[in-house]
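The values are calculated or read from the model by the stated rules, or taken from the named source; none is laboratory data. Everything numeric here is computed off the predicted structure, so don't read it as measured data. Here the Cβ positions follow ideal geometry from the backbone for every residue, glycine too, while neighbour counts run over all protein chains shown.
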Amino acid sequence: MKINNLFTLAINNTKRKKTNIIFIILLMLINIAIIVGFSSYKSLFSFWNDWLDKSYQFNLVNINSGSEDVISIAESLKDNEFVRDVFFNDEYYLSGIASDFVDKNIDGNIKIIGTIPKTKKIIYGQDLNNEINGIICPNNFLPDSQIYLGNYNIDKVIDLKNILNKNINIKLMNEYNTSLKLIGIFDSSYDYSSPDVCYATHETIKELNHKYQPEFSKNPNEAFILFDNINNAEKVLSKYQRIDYTPVATIKTDIASKILSITNISTIILIIIFFIFTYLICSHNIIKDSKNIGILKICGYDLIDIKKLYYFEYIIIFLISFILSIIISLQLCNIIPIYFFNNNPVLSFLNIHPSIIIIFITLILNILIVYFTVKINIKKIEEMDISEIIYE
Amino acid sequence: MQTITIRNFSKTYVKNNQKIIALNKINYEFIKGKFYVIMGKSGSGKSTLLNSIAGLIEGDSGTILYDNQNLTNTAKLRNENVGLVYQNFLLNENMTAIENVMLPTFLNKNLDKIKRYKKAVNILKELDLSNRLNHYPKELSGGEQQRVAVARALINNPDFILADEPTGNLDEKNEELIFKILKKLANLGKGIIVVSHNKAIKKYADTILILEAGDLHEDK
């Protein structure tokens, strides 16, 4: 049979059978679930690792010793290739209320963390320098204590460009009014910085701490080490047997890995369902179509023609569902992070990238299932008694 | 193709561990241009014989020769030399009347889309179905459906038409119409072999054959 004739017949068969439309829709849903499921898993996995690698807080370790002065240890670590910054408790942290931004939706809570220059990706203004009272803030700046409890929204983010190089009024420790100059705006997506955290030099933090909290003094038994990667902490600190060290922030990796495993397992289950379901529907359709197969036989079609016709028909079905799946999956990959994670300052940086490999694997799965289900079911028809088909 | 010759053809079925002899060493020669009616009781093997001639059922022994030749490609035989008509019409419900009629022509590499369509339209017109071309089987009456089936059997201009109880599902008026069409085809030179237990067909037949106890013989 000529290929165009085969194509005409297959197209006719595909569009006229109502079950095919249902079949296309269901297959499309399964393909979408596979593409979006695995792409989400892959993107979440990369996001997770990137977050752990780049985030300031996850690479910061607190060292302390009850019996030993850690100052000398801290000094010796400053030149270590894996260490980016070493500082003490009075150079670390301040909190307050950025009163200029307080309104009915924003409570103004802000944290100012001490750091060294070149740890942030500055996009406007300049990096931290010797200027005392200079701070740099994130481009998604939102001073609020509830940002991780649902009060984060991209629409609420304050555009700091207009106040660059101007003073921001901050009531430190909710008591002491001071002004800090916004000298730069950094890209928060680069290291997943929190929207309520600005950075100043250690000298600035130390000066402000000593000015407003004279009782708050340097603790000689405690220091903070910022590593280039938290995985190097063990390697570097294991030689100092008399000190204890703890990461400043730990992430609940067990929950995260559970989420990732669930995403992965769900997708694998979906693939299995996909195989079973497709096989059952194909079988049902072909067996239901046995009368039409009998008609083809009495019209002079041999088994090879009939097989070709069914392969063509199912290839058309799978191609239509596959193309629609890709179009919808691409849209969903864009929509899902906006819809689900827009209210989380960190997860809002998550982008789900549809993976080409996953799309390719889905295509191969589609081709395999078409081939085997049609092959197996045509064999059933082949074994059927023709009179059973004709006189059913 | 001028003749279909059956030589010592036998077919046995096994049902509930019992051997049922449907056809027992049958010998007969069907000639093009004649109207044959095969009669017999239900279960006497009439449909088995017809489907064996069409190459849809393989016999246990014996041969069926087409112009004295043993054909191995029975699909080609059904497409080019033998047209089949059944009691239950066997029309594809998802296709219109004209699409059903065109179905056998898709195997013909020499027919393009337009020729195929024109040919089907002409046959359907001859069978008085020109106003039913784009109707689906469920939109047609029984008589119309059977005429579509006849048109489909005729589309590739076969030498023989084999019909298994073609009027079994029709009223008297349509029954007569179908018999007349088949008779007309026989007069035009086609070999018509009809399996039926409808006595009304006898008057159209050139030869009446009786199949009983696996044996085929002419009705004297």
Conditions (1) at pLDDT 95 or above; (2) closer than 25 Å to residue B:46 by Cβ: number failed by residue B:135: (2)
Of these, A:90, A:100, A:85, which one is more than 27 Å from residue A:71 (Cα to Cα) and either of a type in the set (Ser, Thr, Tyr) or in the same structural domain as residue A:205 (by TED's automatic domain parsing) (or both)? A:100
Could you go through segment B:91-99 and let me know if any residue there is surrounded by fewer than 19 Cβ atoms within 10 Å (Cβ to Cβ) and in contact with a Ser or Thr (Cβ under 6 Å, 6 or more places away or on another chain). no
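So that you can scan it fast, the table gives a plain yes or no per residue for (1) surrounded by 15 or more Cβ atoms within 10 Å (Cβ to Cβ); (2) under 30 Å from residue A:264 (Cα atoms); (3) within 14 Å of chain B (Cβ to nearest Cβ); (4) in contact with a His (Cβ under 8 Å, 6 or more places away or on another chain):
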{"position": "A:2", "(1), (2), (3), (4)": "no, no, yes, no"}
{"position": "A:13", "(1), (2), (3), (4)": "yes, no, yes, no"}
{"position": "A:32", "(1), (2), (3), (4)": "yes, yes, no, no"}
{"position": "A:36", "(1), (2), (3), (4)": "yes, yes, no, no"}
{"position": "A:74", "(1), (2), (3), (4)": "yes, no, no, no"}
Apart from one, (1) crowded, with 16+ Cβ neighbours inside 10 Å; (2) touching a Lys or Arg at 6+ places or on another chain (Cβ under 6 Å); (3) of a type in the set (D, E, K, R) all hold for residue A:84; the odd one out is (2)
Please list, ordered by residue number, the helices (runs of 4 or more DSSP H) wholly in segment A:1-100 having 1 or more residues that are touching a strand residue (DSSP E or B) at 6+ places or on another chain (Cβ under 6 Å). A:71-77
Being closer than 17 Å to residue B:192 by Cα and within 14 Å of another protein chain (Cβ to nearest Cβ) is the filter here, so list the residues in segment B:47-65 that pass it. B:47, B:48, B:49, B:50, B:51, B:52, B:53, B:54, B:55
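Could you tell me whether segment A:39-48 includes any residue that is among the basic types (Lys, Arg) and touching a helix residue (DSSP H, G or I) at 6+ places or on another chain (Cβ under 9 Å)?
First pass over segment A:39-48, keeping only residues among the basic types (Lys, Arg): A:42.
Next cut, touching a helix residue (DSSP H, G or I) at 6+ places or on another chain (Cβ under 9 Å) only: A:42.
Yes; the residues of segment A:39-48 include at least one that is among the basic types (Lys, Arg) and touching a helix residue (DSSP H, G or I) at 6+ places or on another chain (Cβ under 9 Å).
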Looking at segment B:92-107 only, could you name the residues that are at the interface with another protein chain (Cβ under 7 Å from one of its Cβ atoms), among the hydrophobic types (A, V, I, L, M, F, W, C) and either closer than 13 Å to residue A:298 by Cβ or in contact with a His (Cβ under 9 Å, 6 or more places away or on another chain) (or both)? B:103, B:107
Being surrounded by fewer than 17 Cβ atoms within 10 Å (Cβ to Cβ), of a type in the set (A, V, I, L, M, F, W, C) and more than 20 Å from residue B:35 (Cβ to Cβ) narrows it down to one of B:200, B:213, so name that one. B:213
Has segment B:143-157 got at least one residue that is away from chain A (no Cβ under 14 Å), buried (at least 21 other Cβ atoms within 10 Å of the Cβ) and of a type in the set (A, V, I, L, M, F, W, C)? no
Scanning segment B:67-80 residue by residue, the ones that are more than 9 Å from chain A (Cβ to nearest Cβ) and either surrounded by 14 or more Cβ atoms within 10 Å (Cβ to Cβ) or modelled with pLDDT of 90 or more (or both) total 2
Considering every residue within segment A:45-56, establish whether at least one is more than 31 Å from the chain's Cα centre (by Cα), away from chain B (no Cβ under 14 Å), small (Gly, Ala, Ser) and closer than 22 Å to residue A:233 by Cα. no
Any chance you could count how many residues in segment A:295-350 are part of a loop (DSSP other than H, G, I, E, B), away from every other protein chain (no Cβ under 14 Å) and of a type in the set (A, V, I, L, M, F, W, C)? 2
Residue pairs meeting the criteria (Cβ under 7 Å; at least 6 apart or on separate chains; first without any contact (Cβ under 8 Å) to a residue 40 or more places away in the chain, in segment A:334-354; second outside any helix (DSSP H, G or I)): A:337/A:350; A:337/A:351; A:337/A:352; A:341/A:350
Any residue that is surrounded by 21 or more Cβ atoms within 10 Å (Cβ to Cβ) and either small (Gly, Ala, Ser) or touching a strand residue (DSSP E or B) at 6+ places or on another chain (Cβ under 6 Å) (or both) - is there at least one of those in segment A:123-131? yes
Within segment B:161-172, is even one residue more than 22 Å from residue B:93 (Cα to Cα) and assigned to a loop (DSSP other than H, G, I, E, B)? no
Taking segment A:300-315, which residues are touching a Lys or Arg at 6+ places or on another chain (Cβ under 9 Å) and either buried (at least 21 other Cβ atoms within 10 Å of the Cβ) or β-branched (Val, Ile, Thr) (or both)? A:300, A:301, A:306, A:313
